[in-house]
Amino acid sequence: MATLIHTLADHSDDVNCCAFSSSCLATCSLDKTVRVYSLNDFSELPYSPLKGHTYAVHCCCFSPSGHALASCSTDGTTMVWDTGDGRVLAVLEQPSSSPVRVCRFSPESTYLVSGAADGSVALWNTQSLKLYRSGSVKDGSLVACAFSPNGNFFVTGSSCGDLTIWDDKMRCLCNEKAHDLGVTCCDISSQPIYDGEHGFRHFQMASCGQDNQIKLWLIFSADSLGVELKYKYTLNGHSAPVLACAFSWDGQMLVSGSVDKCVVIYELSTGSTLHTLSQHTRYVTTCVFAPRSPLLASGSMDKTVNIWQVDLTQPCTGNTVEKESAEVAVEDWSEDDVSAWLWAQDLGALVGLFKRNNIDGKELLNLSRESLTNELKIESLGLRRKVLQKIDDLRMKMLSDAVAVPDEFLCPITRELMKDPVIAADGYSYEREAMENWLNNKRRSSPMTNLPLPSPLLTPNRTLKMAISRWLETQQK
């Protein structure tokens with residue numbers, strides 16, 4: 001069985017990544033923070049949250065000893081933190097200044113690798129915290145990375161669908177087209193298989209992608225023959241793009257998370273599904289097993305992290321659904337559901353007022369400036385604006401759940417629907433606030449091309465704004 005034992009709901013935006021050490025759990029989010037919890041009681045450590053990044057944090061990982069934590073962000077940096085007191089040990093700027101999507105420590109803590117949106121790979125020396133080597137893939141953004149258990153090589157996955165194997169000199173050892181629509185994650189089992197007769201070391205690797213598939217691979221490593229990647233089989237447990245996958249510490253199980261909002265646990269000896277966990281209400285973006293422990297963490301765009309206890313002594317029982325709960329549409333929310341939403345939006349002071357006025361989901365979506373002023377008697381202009389903004393954000397999320405937003409309507413920096421698009425000197429359109437923050441952070445390069453911006457001038461893109469407004473009107477009819 002897999003039992004939900006705890007839910008963390010401290011992030012104010014999408015959870016992008018979870019990572020375990022032997023004693024802690026780290027989570028990071030679009031809200032620009034990294035949070036660290038004790039595994040004893042899941043309480044947040046005194047120095048958490050870690051607030052150093054100026055944009056969304058995409059990935060976090062512990063060093064093998066657990067004494068350091070790395071996190072990487074759209075701001076183009078990988079930060080290294082001391083897990084004892086939360087001090088910043090280093091701010092590593094990607095050589096290309098491109099948004100950093102993934103970071104990983106090597107098993108022996110010699111290196112830290114960071115991969116960016118422009119395809120650049122940086123290998124950092126963890127002793128000096130200086131750049132050791134750098135390279136890049138031919139096409140696509142780097143979105144996935146995993147080290148071999150012996151640290152002799154690492155694998156990167158790109159948005160164009162390639163898996164690339166590198167040695168510690170940044171030489172490309174192997175390249176394979178793995179997922180036609182793009183790789184989203186990869187992981188290598190910490191338990192190698194050694195063939196004493198031939199002197200080969202076999203490593204199990206899993207990759208997942210936008211094609212809804214999880215592929216299992218064998219990596220053959222021999223000193224005399226180099227590295228070879230061989231396809232093993234495919235797992236088809238999801239009905240939508242798979243965003244995350246990870247091996248259990250003993251290499252016997254694999255967990256995956258998907259756009260279909262499910263977490264699936266597989267038994268690798270048979271390829272069968274052990275559990276399908278459907279507690280999350282939005283895309284599952286990350287999932288990971290704890291080292292030498294029955295704990296599993298899954299994070300989602302619903303802003304929560306679920307902690308599961310997996311009973312490793314139970315035999316396979318086929319496809320089971322644990323804690324299955326149907327997602328309730330906002331218009332069907334009860335008054336209690338609205339109260340819970342208010343607390344989550346830091347609007348707990350309004351819970352009593354909303355309850356007295358019997359505000360359920362349908363009433364919530366119909367609230368306007370006039371009703372907040374005249375009916376609910378909310379005198380504070382700032383509070384009214386905050387409530388309306390949160391309701392507007394809720395409508396946007398409902399819309400994005402229901403339909404695919406055209407990519408040209410999404411800000412390249414935040415990946416959210418633009419409200420006030422502007423054209424920068426690179427010719428691309430961005431959300432005004434996001435681009436102004438980019439420039440205020442003394443960045444003078446394009447978020448899209450990494451080339452210098454000839455001017456900081458931002459021009460309103462009224463045509464795009466009108467197109468977004470028309471599209472919203474058609475979706476809301």
Quiz prompt | Residue tally, condition in a loop (DSSP other than H, G, I, E, B) and touching a Phe, Trp or Tyr at 6+ places or on another chain (Cβ under 8 Å), over region 65-76 | solution = 2
Quiz item: Which of the residues spanning region 168-190 are free of Cβ contacts under 8 Å to residues at least 24 places away in the same chain and over 24 Å from the mean Cα position of the chain (by Cα)?
Solution: ARG171, ASN175
Self-check item: Wholly enclosed strands (runs of 3 or more DSSP E) of region 77-190 bearing at least 3 residues in the same structural domain as SER29 (by the TED database) and surrounded by fewer than 17 Cβ atoms within 10 Å (Cβ to Cβ)
Solution: 88-93, 130-136, 172-177
Quiz item: Looking at region 369-477, what helices (runs of 4 or more DSSP H) fall wholly within it and have at least 3 residues that are open to solvent by 90 Å² or more (accessible area, probe 1.4 Å) and out of contact with any helix residue (DSSP H, G or I) (no Cβ under 7 Å at 6 or more places or on another chain)?
Solution: 462-476
Exercise. Specify the residue that is most open to solvent (accessible area, probe 1.4 Å); the eligible residues are those in region 3-42 that are touching a Leu at 6+ places or on another chain (Cβ under 6 Å) and more than 15 Å from GLY66 (Cβ to Cβ).
Key: ASP13
Quiz prompt | For GLY352: the one exception among (1) modelled with pLDDT under 90; (2) outside any helix (DSSP H, G or I) | solution = (2)
Quiz item: Has region 415-422 got at least one residue that is within 18 Å of ALA117 (Cα to Cα), free of Cβ contacts under 8 Å to residues at least 40 places away in the same chain and hydrophobic (A, V, I, L, M, F, W, C)?
Solution: no
Self-check item: Answer from THR281, THR234, THR276 - the residue that is outside any loop (DSSP other than H, G, I, E, B), β-branched (Val, Ile, Thr) and in contact with a Ser or Thr (Cβ under 8 Å, 6 or more places away or on another chain)
Solution: THR276
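The values are calculated or read from the model by the stated rules, or taken from the named source; none is laboratory data. Because the structure is a prediction, the values reported are computed rather than measured. Counting neighbours? That spans all protein chains shown, and the Cβs are built from the backbone with ideal geometry, glycine included. Each accessible area value is taken on the protein alone, full model and side chains, heavy atoms only, with ligands, DNA and RNA left out. Shrake-Rupley method; radii C 1.70, N 1.55, O 1.52, S 1.80 Å.
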